[in-house]
Amino acid sequence: MNTINEDIRQANLTLILGGTGKTGRRVAQRLTARGVPVRIGSRSGIPPFDWEDQTTWAPLLRNAASVYVTYYPDLAFPGAADRVRSFAQLAVKNGVRRLVLLSGRNEEGALLGEQAVRDSGAEWTIVRSSFMNQNFSEGFWLEPVLGGEFAFPAGDVAEPFIDVEDIADIAVAALTEDRHVGQVYEVTGPRLLTFADVVGEIARATGRAIRYVPISMEQYASALSEAGLPTDEVKAYIALFTEVLDGRGAYLADGVRRALGRAPRDFSDYTRDTAATGVWGVEEWV
Ligand SMILES: NC(=O)c1ccc[n+]([C@@H]2O[C@H](COP(=O)([O-])OP(=O)(O)OC[C@H]3O[C@@H](n4cnc5c(N)ncnc54)[C@H](OP(=O)(O)O)[C@@H]3O)[C@@H](O)[C@H]2O)c1
């Protein structure tokens, strides 16, 4: 039988949507290490959570006081903001008091998703992120890196890539400290890097030849289709990348420092630490 303290503890758990993903996994680890009870929301969780199946949402919310909301695949996708709005309303109805949303920069869909969370009546914090470093080691850009050729329609546009360790630190702070309520943290890394720069840094860290090949949006759409992505997803990714890869994101923001009082991690920290894990197969190549 649960003790009273255990009952109180379990009635204040933090639900982490995308809790096995790049940021969610780290948020769950950090909170668990502090003794905060967490529940993972993902299709492989128990019970499962699926953004595309609203009947899976309510069971996850039982005893949840806070939720870290990461939408998948992307807030820019059609229907995303409506789902986030429905979820946020249901969460508040079920007793959730605080929502922390992972959002994107400079996209219309992300702004709509943010508004849905702001309108929910819960305490909210928004973490508005640039492209993440870990897309190259834990996301869909790992495969081209391993293949030695990164073909992407970004030309020589620069992006201030952010480390998901920083995002996780901010999400944990926002979930556990009151001073982040009502804050929008636009978070970037400390340097602007072109995709050629990124590939160069990964090549240096691994000792392996990798090249960046700038391609057109049309070529990229064909490549995604050939890789088996459904047509509507291909369209959504092309719309997203057309929107955000026009140079509008080529600036630094101070969200990490405002939230945490320290500088963001540099891309070179990421390449050093990631190369050491062997995910890029470094041991075979050096
Ligand atoms: N990646 C970036 O560079 C970036 C930059 C700015 C903003 N963002 C935003 O961050 C959010 C998350 O993107 P991410 O790239 O970081 O992904 P991620 O969190 O690494 O995504 C994977 C997670 O989503 C879960 N998931 C996949 N399909 C799902 C579904 N249908 N229903 C519920 N959960 C599902 C996965 O678990 P299961 O497979 O078990 O379901 C896993 O936990 C997006 O809304 C995006 O707009 C991303």
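The values are calculated or read from the model by the stated rules, or taken from the named source; none is laboratory data. These numbers were taken from a predicted model, which means no experiment stands behind them. Quick reminder, even Gly has a Cβ in these numbers, built from the backbone with ideal geometry, and neighbours come from all protein chains shown.
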Restricting to region 6-28, and then to whatever is surrounded by 14 or more Cβ atoms within 10 Å (Cβ to Cβ) and in a helix (DSSP H, G or I), can you tell me which residue is farthest from the ligand (Cβ to nearest atom)?
Arg9
Kindly indicate which of Ala205, Ala275, Ala236, Ala221 is surrounded by 17 or more Cβ atoms within 10 Å (Cβ to Cβ), assigned to a helix (DSSP H, G or I), free of Cβ contacts under 8 Å to residues at least 60 places away in the same chain and small (Gly, Ala, Ser).
Ala221
Search result, residues across region 50-63 that are assigned to a loop (DSSP other than H, G, I, E, B), touching a helix residue (DSSP H, G or I) at 6+ places or on another chain (Cβ under 9 Å) and closer than 17 Å to Asp82 by Cβ:
Asp50, Trp51, Glu52
Selected residue (only one of Ile162, Ile126, Ile170 is among the aliphatic types (A, V, I, L, M), under 27 Å from Ala263 (Cβ atoms) and in contact with a Pro (Cβ under 8 Å, 6 or more places away or on another chain)):
Ile162
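A quick yes/no check of all residues on (1) part of a strand (DSSP E or B); (2) closer than 23 Å to Gln29 by Cβ; (3) under 12 Å from the mean Cα position of the chain (by Cα); (4) not hydrophobic (A, V, I, L, M, F, W, C):
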| residue | (1), (2), (3), (4) |
| --- | --- |
| Ser103 | yes, yes, yes, yes |
| Gly109 | no, no, no, yes |
| Gly113 | no, no, no, yes |
| Val117 | no, no, no, no |
| Gly121 | no, no, no, yes |
| Val127 | yes, yes, yes, no |
| Glu138 | no, yes, yes, yes |
| Ala151 | yes, no, no, no |
| Ala154 | no, no, no, no |
Listed residues Glu108, Glu114, Glu165; which is at pLDDT below 95 and more than 8 Å from the ligand (Cβ to nearest atom)?
Glu108
Filtering region 60-89 down to residues that are of a type in the set (S, T, N, Q), within 14 Å of the ligand (Cβ to nearest atom) and touching a Leu at 6+ places or on another chain (Cβ under 8 Å) yields Thr70
With the structure loaded, tell me whether Gly139 is at pLDDT below 95 and more than 16 Å from the ligand (Cβ to nearest atom) or whether it fails that test.
no
Could you tell me whether region 52-69 includes any residue that is within 24 Å of Gly182 (Cα to Cα), surrounded by fewer than 22 Cβ atoms within 10 Å (Cβ to Cβ) and touching a Lys or Arg at 6+ places or on another chain (Cβ under 6 Å)?
yes
If the Cβ limit is 7 Å and pairs must be 6+ apart or interchain, which residue in region 115-129 that is on the phi > 0 side of the Ramachandran plot pairs with which residue that is aliphatic (A, V, I, L, M)?
Gly121/Val92
Is there any pair linking a residue in region 146-170 that is over 22 Å from Leu240 (Cα atoms) to one that is within 12 Å of the ligand (Cβ to nearest atom) and assigned to a strand (DSSP E or B), with Cβ under 6 Å and at least six apart or on different chains, and which?
Ile170/Val127
Tell me the residue from Ala81, Ala58 that is within 19 Å of Thr125 (Cα to Cα) and without any contact (Cβ under 8 Å) to a residue 60 or more places away in the chain, please.
Ala81
